[in-house]
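Q: Take a look at this one; I'll ask things after.
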Amino acid sequence: MSSIRQFRTALAAARLGSFAEVGRQIGLTQAAVSLQIKNLETELNLRLFERGAQTFSVTPDGRRVLDRLEKLVADYDNLLVQSDGTLRGTLHMGALVSALMGTFGGVLADIKRAYPDLDVRLLAGQSAQFAGMVSKGELDAAVVTEPPNAVPNGLRWTPLYEERMVLIAAQDLGNRTVMDLLHHEPFLQFDRSLWTGRLVDYALKQLSVTPNIALELNSIEAIAQLVRQHYGVAIVPQLGNAEWDSQQLAIKPLPGPLIVRRVGMLERLEHGKQPITQALCDLFGRQQKGLGLTATS
């Protein structure tokens with residue numbers, strides 16, 4: 001008898017186009033994945049996939065069956081949300097390292113207390129990396145910054161909270177203005193290939209400043225540590241739990257209009273874990289209001 005696990009394997013193969021990639025993600029050999037698919041095809045008495053030496057594609061019959069299997073899996077996943085609001089099962093999520101250090105990290109413990117039967121498995125990384133993984137179904141959702149352009153096709157981004165962009169400097173430089181520091185101190189630039197780095201570039205353009213870039217890094221905490229050691233100054237989002245003002249750092253608001261980094265949940269438009277992700281978004285909003293933090297609507 002076929003199982004939900006086999007259905008998920010077949011759906012993953014259709015999304016990823018590779019038995020080997022499916023196996024890598026779920027911890028099985030390519031042969032084991034192929035056997036699951038073959039057993040499912042035998043039971044259904046039809047071929048789901050055409051396999052060639054260099055090609056791999058879903059058959060027309062396979063597409064019709066996979067569409068029905070996707071609905072069956074979604075209905076099963078909906079059972080993970082009980083009538084009393086209890087959540088259970090496993091949610092594979094990506095999260096920015098800086099989000100784990102900041103506001104989202106502070107809410108994780110509340111999620112575990114509210115939903116003890118829910119197993120949240122986190123992968124730390126970068127926003128752009130997660131967009132592709134969510135699109136392919138490798139992750140159920142990810143907590144990322146707002147995409148700098150449009151939200152990628154097939155995905156939805158739900159805003160959760162905002163972090164204002166600030167300048168950080170060594171504590172003994174705190175009596176100088178933001179513009180003075182940007183013009184005369186070395187600048188530690190957040191990686192401009194990443195979404196937050198593009199936001200830093202935007203802030204610099206709004207201030208009409210071209211700083212002297214000393215280093216370019218992809219870690220806010222690494223930047224903060226170097227700033228403490230007088231390597232330069234930086235523009236970064238003010239993380240909710242960072243407590244920089246007690247760690248030899250001066251935090252200075254940027255002059256002009258407020259510039260914020262918006263953080264939210266990225267997920268596919270349709271997927272089986274939507275009841276869980278929606279419940280987490282709702283919980284996050286309630287917790288933000290309770291903590292007096294800035295949530296977005």
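Q: Which of the strands (runs of 3 or more DSSP E) found entirely inside region 191-267 contain at least 3 residues meeting this: within 21 Å of residue 149 (Cβ to Cβ) and among the hydroxyl-bearing types (Ser, Thr, Tyr)?
A: Of the strands (runs of 3 or more DSSP E) lying wholly inside region 191-267, none has at least 3 residues that are within 21 Å of residue 149 (Cβ to Cβ) and among the hydroxyl-bearing types (Ser, Thr, Tyr).
Q: May I pose another question? Could you tell me how many of the residues in region 20-63 are part of a helix (DSSP H, G or I), without any contact (Cβ under 8 Å) to a residue 24 or more places away in the chain and in contact with a helix residue (DSSP H, G or I) (Cβ under 6 Å, 6 or more places away or on another chain)?
A: The total comes to 5.
Q: Only one of these conditions is not met by residue 164: (1) without any contact (Cβ under 8 Å) to a residue 24 or more places away in the chain; (2) under 21 Å from the mean Cα position of the chain (by Cα); (3) exposed (fewer than 15 other Cβ atoms within 10 Å of the Cβ). Which number is it?
A: So the condition that residue 164 fails would be (1).
Q: Within region 146-182, which residues are in a helix (DSSP H, G or I) and closer than 15 Å to residue 203 by Cβ?
A: 178, 179, 181, 182
Q: So which of 57, 2 is farther than 22 Å from residue 74 by Cα and not charged (D, E, K, R)?
A: Every option except 57 fails the conditions.
Q: Can you tell me how many residues within region 179-188 are crowded, with 20+ Cβ neighbours inside 10 Å and within 14 Å of residue 217 (Cα to Cα)?
A: If we filter region 179-188 for residues that are crowded, with 20+ Cβ neighbours inside 10 Å, which is where we start, we get 181-182, 185, 187-188.
Pick out the ones that are also within 14 Å of residue 217 (Cα to Cα) and you get 187-188.
Number of matching residues: 2.
Q: Given the structure, is residue 218 under 24 Å from residue 107 (Cα atoms) and loosely packed, with under 14 Cβ neighbours inside 10 Å?
A: Spelling it out, it is not the case that residue 218 is under 24 Å from residue 107 (Cα atoms) and loosely packed, with under 14 Cβ neighbours inside 10 Å.
A short reminder: the numbers here are calculations on the coordinates, not readings from a lab. Small disclaimer: the values here were computed from a predicted structure and weren't measured. Cβ atoms come from the backbone with ideal geometry, glycine included; neighbour counts cover every protein chain shown.
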